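Colleague: Below you'll find the structure I mean.
The values are calculated or read from the model by the stated rules, or taken from the named source; none is laboratory data. Owing to the predicted nature of the structure, the values given are computational and were not obtained by experimental measurement. Cβ coordinates were reconstructed from backbone atoms using ideal geometry, including for glycine residues, and neighbour counts include every protein chain displayed. All accessible areas refer to the heavy atoms of the entire protein, side chains included, with ligands and DNA or RNA removed. Shrake-Rupley method; radii C 1.70, N 1.55, O 1.52, S 1.80 Å.
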Amino acid sequence: MSFNVTGAISPFASPADERPKPNRQQSQLRYPVAPSPYERQAPDSYFPPIQQSTTPQPQIMQQYGQPGQHDGAGGLAQQMGQINLDGSAPAPSRKKKDRHAYHQLEQPAAQPYDGGQGGQQYLNGGSRQPSRGPSPAPPAWQQPSQPWQNQPSPQPWQSQQMPQNQAPSRGTPIAMGGQMGQQPGGMQTSAGAQARVNPDQIPSVPLSRDTPAEYYKTRIYPTMEQHLPPPATTPFAAYDQGSASPKYARLTLNCIPHAHDQMVSTGLPLGLVLQPLAKQADGEQAIPVLDFGEVGPPRCRRCRAYINPFMVFSNGGNRMTCNLCTHVSEVASEYFAPTDPSGVRVDRANRPELLLGTCEFLVPKEYWSKPPVPMRYLFLLDVSAEAYSRGFLQGVCDGILRAIYGEEEAEDGEDADGETAAKPSMVPAGARVGFMTFDREIHFYDVSAGTPAPQELVVSDLDDPFAAISPDRLFVDAAECRSNVISLLKRIPEMFASIQYPAPVLLPSLHAALAALDISGGKIICSLAALPTFGPGARTARDKGQGQNDDGDASKEFLKTEHHGYKKCQADMVKAGVGIDFFVAAPMGGYLDIATIGFVAEKTGGETYYYPNWSYPRDCLRLEKELSHTLRREQGYAALMKVRCSNGLQVAHYGGNFTQHTFGADLELASITQDSGMSVTFTHDGKLEPKLDAHFQAALLYTTTSGERRVRCINVVASVSDNARESMRFVDQDAVVSVMAKECASKVGERNLKDIRQLLQDKTIDILAGYRKNVVDMHPSGQLVLPENLKEFAMYMLGLVRSRALKAGREPSDRRIQEVRMIKGMGPAELSLYLYPRVIAVHTLDPTEGFADDNGHLKMPHAIRASFSQIEEGGAYLVDNGQILLLWLHAQVSPNLLEDLFGEGMNSLQALDPNLAALPVLETHLNAQVRNILLHMEEQRGSKGLAIQLARQALDGAEFEFARLLYEDRNNDASSYVDWLVMLHRGVGTELSGQRAKSGEDVTQTITNTISSITGSIGLH
């Protein structure tokens, strides 16, 4: 068996590529250095001198294309770095007319892009693209040749990976099996033995991340000029040209087959991954907020789609043709504007809704379910004996203080002049906060400005709980009531030190909190440190930890929610527009029944933050950061969402954390944040027109933290092809991974885990076999051929199989269901990091890494593969999967490194504090490097706070987690990366020969996919 990566060709291509290639400097990263440089350096230095280094570069460096290496038959750059390679003949050329309604993209090749000055009509007239840095070379899209007018690599940074002295070919296979003797690629085989595969010659996830990240440091992503977006983990600034930024929406296929049978032949899902409130990058244009008064934004009369850049105006501007359903509507008089001879509205340049793919509209009262008010945050704290004795209550109170007031909250809240009340808080403008606690009783607190000190009211009726304080006094402005709030949060741990009930009562407390927020809606932030075994809604330890594995049908019952009381509470919260985030700690790893408790957060669109081995004060920093992020991030409440698509397509399935009462109904999200992600899959209910585009629109109706009722519209466009070969060259790997991960997560609890893993494996084989059938012509059956844009796809699928959500063997049900729900609610970037962690070698950092380069951008070190074969003796490594950050230290790590990183006297692993959560601020070069790197990594994370957890070799239990995160290695029942590829190769070969017997299909899912979506006449009212 052999391995090949093929390139992709633009569907708008002409045979020649005349664009000048971007001139990028090769990285001078000296990685890896073996053996450890500390063994041969003076005590006052741990950086090996560059000019005196005689250590030869290991062969694994070939995967990064370092200069001075020999690219023989076994070189990775030759074997899989070919960008413009394909295993088939070029697709037949075809002129495509009216591709973007009245937007004509096929312009003369000599006409340069002018940033919108008289160019394509979809561009923001008169505005030029912003610049991210003082790069001397112009952006790739400002070259005389447009991307759709030639034959480029779909990803511009990928041209950096091909050796310049090598002409494009049809692809060079990397041998994965064959006859006896020496094979191409350096594989050694013997008779009767399976061929050995060099793991350094298979696709590298770190390389696929680092290269585009470097490319987009000084470049902007134009949303209409490139047919494939950057990888989800790449920090980039997008320039909205009419189709939404990939941060908000990513299509699995950016060129869609026009018929159902062609779509099925690819094996790929047709889906849209959404993160509607995703955080914008510095320098990006803010999303405009438009007010159309009492009439509201213009909409299609039939499908109720919102106005967008692809609607066509005719009859002098009196009529508007919907780009989704093609219905012609009359333009309201207040929105009328004449059109020029080309059919474009004369006021288009002044209409953001006709220029940008993402806009927000203020909506009139007919869109309100209740009068919108600024967000109300209600902190609901567990004060039971377990919460107090384990330090969780103290950690939560300290974290809330810092979340509301920042670091200066530690100052005394009392001030003789009363100046503290005027200090601002970190709470979003206009939002208010309230406080409750619970053990066997429910406690409300009045901290309003009119009271000299916080007042407590107790509710002991657990069968019919109620709000003991009116909302006007319960919810206060944090800045105005600063002294009372600080006093309360500092006194709560002391108040319940002597009143320690062993078990809290959770469900009645949730009902009481809901009663306080029922009129307005808002957000509950609830802490819990013990299984609620008292009162209504009491839970018992269902999971006894018995059994060898969780693959049977009995184990899936522990992942379900059976308690009717929690289901009713969730339904009432969604109806009232109240979301909830749980902060749950199990100090001794005890059972908390997160399957039942976390169900409320899942269905309201919230999150569950889980601390399975809580330790005070080690985990306090992480808790504080996550509380701060929960309070300060962009979010909304009382939300509804609907996704619309072009004629010929229909919505088949939604995936994520939300409530949907009936198929085709709007999604209901009591809470939605900048970290909330969801997926939508589509199916053909007819045929698409290849001469036209396919359009998608996601509309999110929500109330902002400032109390405005808005609709955020996200518009995405894709081309249509009459053959699957062309479509498979424009696959978005991150979108495919997200759709499949959320689909698998949604089956947990319905099917046993073994069946879900088998379905995932079968789907992966179907996709690779579909590419082989549709695109690859001239490769023998003994080669495993991966498409260029899916070459890391197999590794991500292995990461999903090995994740705690789906892995074989025994796993506590709390941790498993927590990660299942986490996958369902993740955005693409957070999910990518979760499925393959970032590993950075600290001991081999170049002196320039961790500091700004000549353009002012942080120079990040290259990550290494997540494999123990890459780990050096005496090394120190950062391992980040977006949820936890481990600092693994080898037993023979240099004492000089430890002192420079942790401070004087810290010259051995035993001297380090096991509760360390952050690096001290030192004046050493290495300390500054690592702290800068950690700050950069924290900016790219999702909802989880970044705090260091030490994993000292042979000393800390976190070392087991370090080993688990090395996803390329074999671990217990989990396959290694090489074994996984070999298994996929066999499956593809069996599929191509027609001998593969697939596992049974999910009947429920099959029926769901065949049901027609509800007609577009149902709007977001």
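Colleague: Show the residues, 5+ positions off or on another chain, whose built amide H is closer than 5 Å to the amide H of Thr608.
Modeller: Phe582
Colleague: Given the Cα-Cα distance of His661 and Thr848 and 0.36 nm per residue of separation, how much length would full extension add, in nm?
Modeller: Using 0.36 nm per residue and subtracting the Cα-Cα distance, I get 61.8 nm.
Colleague: So, with a 1.4 angstrom probe, what is the percent of accessible area on the range 907-968 that is carbon and sulfur?
Modeller: Details: 1350 of 2570 Å².
Whole-percent figure for carbon plus sulfur exposure: 53.
Colleague: Exceeding 24 Å between C-alpha atoms, which entries from my cross-link table qualify? They are Lys370/Lys490; Lys370/Lys523; Lys603/Lys754; Lys568/Lys747; Lys544/Lys807. Don't skip to the end; give the middle numbers.
Modeller: On the way: Lys370/Lys490 36 Å; Lys370/Lys523 16 Å; Lys603/Lys754 26 Å; Lys568/Lys747 22 Å; Lys544/Lys807 19 Å.
The answer is Lys370/Lys490; Lys603/Lys754.
Colleague: For Ser487 paired with Lys568, estimate the spin-label separation in nm (one decimal), with each label point 7 Å from Cα along the Cα-to-Cβ line.
Modeller: 4.0
Colleague: Also, quick follow-up: Going by the alpha-carbon gyration tensor, a ≥ b ≥ c the square roots of its eigenvalues, is the range 226-298 rounded (a/c under 1.5) or, if a/c is not under 1.5, prolate (a/b greater than b/c) versus oblate? Write down the numbers at each step before the final one.
Modeller: Working: a/c = 2.86, a/b = 1.48, b/c = 1.93.
Cα axes put the range 226-298 in the oblate bin.
Colleague: Additional query: Using a 1.4 Å probe, what is the accessible area per residue for the range 214-340, in Å²?
Modeller: Each residue of the range 214-340 exposes 32 Å² on average to a 1.4 Å probe.
Colleague: Probe radius 1.4 Å, ligands and nucleic acids ignored: give me the carbon and sulfur share of the accessible area of the range 605-663 as a rounded percent. Intermediate values should be presented prior to the final figure.
Modeller: On the way: 830 of 1700 Å².
On the range 605-663, the fraction of accessible area on carbon and sulfur atoms equals 49 percent.
Colleague: Follow-up question, since we're still on this one. Dipole of the range 673-736 (Lys/Arg Cβ +1, Asp/Glu Cβ -1, origin at the Cα centre): which of Ala694, Thr673, Val720 lies farthest to the positive side?
Modeller: Comparing the listed Cα positions along the dipole, Thr673 ranks first.
Colleague: Please list, by residue number, everything in the range 577-604 whose backbone N is under 18 Å from a paramagnetic label point 7 Å out along Cα→Cβ of Trp368.
Modeller: Counting only backbone N, you get 577-578.
Colleague: Moving to a separate point now. Students often get this wrong, so check it: of Lys687/Lys763; Lys247/Lys642; Lys279/Lys944, which have C-alpha atoms separated by over 20 Å? Walk me through the numbers before you get to the answer.
Modeller: Numbers: Lys687/Lys763 24 Å; Lys247/Lys642 18 Å; Lys279/Lys944 15 Å.
Beyond 20 Å: Lys687/Lys763.
Colleague: Treat each spin label as a single point 7 Å out from the Cα along the C-beta direction, and report the Arg633 to Arg319 distance in nm.
Modeller: In this crude spin-label approximation the distance works out to 4.7 nm.
Colleague: With θ set to phi - 60° and the Karplus curve 6.51 cos²θ - 1.76 cosθ + 1.60, what are the ³J(HN,Hα) couplings of the range 489-496 in order, to the nearest whole Hz, using x for Gly and Pro?
Modeller: Calculated HN-Hα couplings, in order: 5, 7, 8, 4, x, 6, 4, 10 Hz.
Colleague: Further, regarding this structure: What is the magnitude of the charge dipole of the range 241-315 about its Cα centre, with +1 placed on the Cβ of each Lys and Arg, -1 on the Cβ of each Asp and Glu, and no other charges, expressed in debye to the nearest 20?
Modeller: With only Lys, Arg, Asp and Glu charged at Cβ, the dipole is about 220 debye.
Colleague: Oh, and also: Please report the relative contact order for the range 608-691, taking Cα pairs under 8 Å with a sequence separation of at least 6, and give it as a percent rounded to a whole number.
Modeller: Working: 89 pairs, mean separation 28.2, N = 84.
Relative CO of the range 608-691 lands at 34 percent.
Colleague: Per the 1.4 Å probe, what fraction of the accessible area of the range 509-585, in percent, lies on carbon and sulfur atoms? Please report the intermediate quantities before stating the final value.
Modeller: Numbers: 1500 of 2870 Å².
The computed percentage sits at 52.
Colleague: Which of rounded, prolate, oblate describes the range 493-603, given a ≥ b ≥ c as roots of the alpha-carbon gyration tensor eigenvalues and a/c under 1.5 marking rounded, otherwise prolate only if a/b is larger than b/c?
Modeller: Details: a/c = 2.25, a/b = 1.26, b/c = 1.78.
Taking the square roots of the gyration eigenvalues as a ≥ b ≥ c, the range 493-603 is oblate.
Colleague: When you count, for each residue, the other Cβ atoms within 10 Å and take the mean per peptide, how do 835-847, 472-484 rank with the highest first?
Modeller: Details: 835-847: 22.1, 472-484: 20.5.
Per-residue mean Cβ counts within 10 Å order the peptides as 835-847, 472-484.
Colleague: Follow-up. Spin-label point model (7 Å from Cα, Cβ direction): what's the Ser498 to Ala286 distance in nm?
Modeller: Label at Ser498, label at Ala286, 5.3 nm between them.
Colleague: What fraction of the DSSP beta bridges in the range 612-758 is antiparallel, stated in percent and rounded to the nearest 5?
Modeller: Values: 31 of 32 bridges.
Here the antiparallel bridges make up roughly 95 percent for the range 612-758.
Colleague: Kindly rank 340-347, 649-656 from highest to lowest mean number of other beta carbons found within 10 Å of each residue.
Modeller: On the way: 340-347: 12.6, 649-656: 21.5.
Per-residue Cβ counts within 10 Å, averaged per peptide and sorted highest first, yield 649-656, 340-347.
Colleague: ³J(HN,Hα) across the range 754-761 via Karplus (A = 6.51, B = -1.76, C = 1.60, θ = phi - 60°), whole Hz, x for Gly/Pro?
Modeller: In residue order, the calculated couplings are 4, 5, 5, 5, 5, 4, 5, 5 Hz.
Colleague: Ranked highest first by the average count of other Cβ atoms within 10 Å around their residues, in what order do 509-519, 494-504 fall? Spell out each step's value before the answer.
Modeller: Working: 509-519: 22.9, 494-504: 15.2.
In descending order of packing, they fall as 509-519, 494-504.
Colleague: Okay, next question. How high is the relative contact order of the range 332-415, in percent, with contacts defined as C-alpha pairs under 8 Å that are six or more residues apart? Walk me through the intermediate numbers first.
Modeller: Details: 21 pairs, mean separation 7.6, N = 84.
The normalised contact order for the range 332-415 reaches 9 percent.
Colleague: Sticking with this structure for a sec: Multiplying the sequence separation of Ser706 and Glu557 by 0.36 nm and subtracting their Cα-Cα distance, what value in nm do you get? Walk me through the intermediate numbers first.
Modeller: On the way: separation 149, 0.36 × 149 = 53.64 nm, distance 4.16 nm.
Using 0.36 nm per residue and subtracting the Cα-Cα distance, I get 49.5 nm.
Colleague: A follow-up question, please. So between Ala429 and Leu457, what do we pick up on full extension, going 0.36 nm a residue minus the alpha carbon distance? Each step should come with its number before you reach the end.
Modeller: Numbers: separation 28, 0.36 × 28 = 10.08 nm, distance 2.81 nm.
Once the chain is fully extended between Ala429 and Leu457, it gains 7.3 nm.
Colleague: First check a/c for the range 776-850, with a ≥ b ≥ c the square roots of the eigenvalues of its C-alpha gyration tensor; if it is under 1.5, answer rounded, and if not, answer prolate when a/b is larger than b/c or oblate otherwise. Could you put the intermediate results ahead of the total?
Modeller: Numbers: a/c = 2.20, a/b = 1.13, b/c = 1.95.
In terms of gyration-tensor shape, oblate.
Colleague: Write down the accessible area per residue of the range 765-917 in Å², having rolled a 1.4 Å probe over the full set of protein chains.
Modeller: On the way: 4120 Å² over 153 residues.
Roughly 27 Å² per residue, with all protein chains present.
Colleague: Could you go through the range 953-961 in sequence order and give the Karplus-derived ³J(HN,Hα) for each residue, using 6.51 cos²θ - 1.76 cosθ + 1.60 with θ = phi - 60°, rounded to whole Hz, and x for Gly and Pro?
Modeller: My calculation for the range 953-961 gives 4, 6, 10, 10, x, 5, 5, 5, 5 Hz in order.
Colleague: Sticking to Cα atoms, compute the Rg of the range 571-691 to one decimal and its Dmax as the biggest Cα-Cα distance, whole number, in Å.
Modeller: 18.4, 63
Colleague: Amide H neighbours of Gln783 under 5 Å, counting only residues 5+ apart in sequence or on other chains, H built in-plane at 1.01 Å?
Modeller: Amide H to amide H, under 5 Å and 5 or more residues apart or across chains, Gln783 pairs with Ser2.
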